Amino acid sequence: MKIRVFDTPDEAGVYVAAIAEQVVSGCPQSVLGLATGSTPIPFYRALVRLVQCGLNVHEVTTVNLDEYVGLPPDHPQSYRYFMEHHLFRHIPIDVDKIHIPYGTAADLDAECARYDQVVADYPADLQILGIGLNGHIGFNEPSAFLDTKTHVVELTKKTILHNSDAFGDPALVPTHAITMGLQGILQARQIVMMAFGEEKSQVVAQALQGEVRTDLPASILHLHHDVTWVLDRAAARMLPLHLGDTEA
Ligand code: F6R
């Protein structure tokens, strides 16, 4: 487990984009596991700049973590739309190589099974993650049991509230989402977890404590052999000194 602490999310985004460049340069057919939300936006900005500077992503496959149930791909708050807006429309990527669950699938169980096949076919060379205020990764919410497979999840009140900014009203946030399960996340060759801002400092410190807990899904990353936590100073504020100093 590595921890890197930057002054700003923008600097952190450049660092993560450089990691992605290394992966894609080493293997042009790489699979990038991608996340949404505010956290990865500086990374996408930096990645777009690298592509504009010559990084070739023509053969890259992308597999996203999750999508809201009930939102069609062209809904401005859907994660498919988010990805178009922040990344896909700016880079020459093959649309057939983009994978995101369909939130409006008529049969959600069948959609979960279809997505599990995608996840099995395209294990990520690099998985990008953000962390929820409650410790979720993807939309694997805290629970007594954690799902290994793609599943439909009821979002917690905390998640709905946190995500309501984009919707303008918590009542408009979908109550359910489809999310990749933990097996799909943990099968990645390399994982980068990003977290920025004071509000994430407590959950980051808890997740890095060393215990693996189902009520803190991000703590499961302790079981993976290649995880880098990429933080800004505010998110790293509550880390014990021995973690923040020696690794950062
Ligand atoms: C979204 C996802 C979520 C977010 C998390 C943090 O694809 O995987 O786990 O990473 O909810 O969201 P932000 O970045 O908005 O704080």
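The values are calculated or read from the model by the stated rules, or taken from the named source; none is laboratory data. Keep in mind it's a predicted model, so treat the numbers as computed, not measured. Backbone-built Cβ (ideal geometry, glycine too); neighbour counts: all protein chains shown. Surface accessibility is based on the protein's heavy atoms, side chains included, excluding ligands, DNA and RNA. Shrake-Rupley method; radii C 1.70, N 1.55, O 1.52, S 1.80 Å.
Observations on the structure shown:
- Residues that are under 17 Å from the mean Cα position of the chain (by Cα) and not β-branched (V, I, T) within the range 148-178 comprise K149, H151, L155, H162, N163, A177, listed in sequence order.
- In summary, no strands (runs of 3 or more DSSP E) completely within the range 63-180 bear 3 or more residues that are surrounded by 15 or more Cβ atoms within 10 Å (Cβ to Cβ) and more than 14 Å from the ligand (Cβ to nearest atom).
- Those residues of the range 1-40 which are assigned to a helix (DSSP H, G or I), open to solvent by 20 Å² or more (accessible area, probe 1.4 Å) and touching a Phe, Trp or Tyr at 6+ places or on another chain (Cβ under 9 Å), in sequence order: P9, V14, Y15
- Qualifying residue in the range 8-30 (condition: under 24 Å from H224 (Cα atoms), away from the ligand (no atom under 16 Å from the Cβ) and among the aromatic types (F, W, Y)): yes
- Among the residues of the range 15-24, the one identified as among the aliphatic types (A, V, I, L, M) and closer than 20 Å to K200 by Cα is V16.
- Residues in the range 43-62 that are touching a residue at least 60 places away in the same chain (Cβ under 8 Å) and assigned to a helix (DSSP H, G or I): F43 only.
- Conditions (1) in contact with a helix residue (DSSP H, G or I) (Cβ under 8 Å, 6 or more places away or on another chain); (2) open to solvent by 10 Å² or more (accessible area, probe 1.4 Å); number of the one not met by H58: (1)
- Residues that are within 22 Å of A17 (Cβ to Cβ) and within 11 Å of the ligand (Cβ to nearest atom) do occur in the range 186-194, at least one of them.
- Within the range 147-167, residues that are touching a residue at least 40 places away in the same chain (Cβ under 8 Å) sit with their Cβ atoms under 7 Å from residues that are open to solvent by 30 Å² or more (accessible area, probe 1.4 Å), at 6+ positions apart or across chains, in these pairs: T150/D116; V152/V69; V152/L108; V152/H176; A166/Q77; F167/Q77.
- Meets criteria (under 23 Å from D226 (Cβ atoms) and free of Cβ contacts under 8 Å to residues at least 24 places away in the same chain) for D107: no
Each row is one residue, and each column tells you yes or no for (1) among the β-branched types (V, I, T); (2) open to solvent by 10 Å² or more (accessible area, probe 1.4 Å); (3) in a strand (DSSP E or B); (4) more than 21 Å from P101 (Cβ to Cβ).
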{"position": "R189", "(1), (2), (3), (4)": "no, yes, no, yes"}
{"position": "M194", "(1), (2), (3), (4)": "no, no, yes, yes"}
{"position": "V204", "(1), (2), (3), (4)": "yes, no, no, yes"}
{"position": "E211", "(1), (2), (3), (4)": "no, yes, no, yes"}
{"position": "L221", "(1), (2), (3), (4)": "no, no, no, yes"}
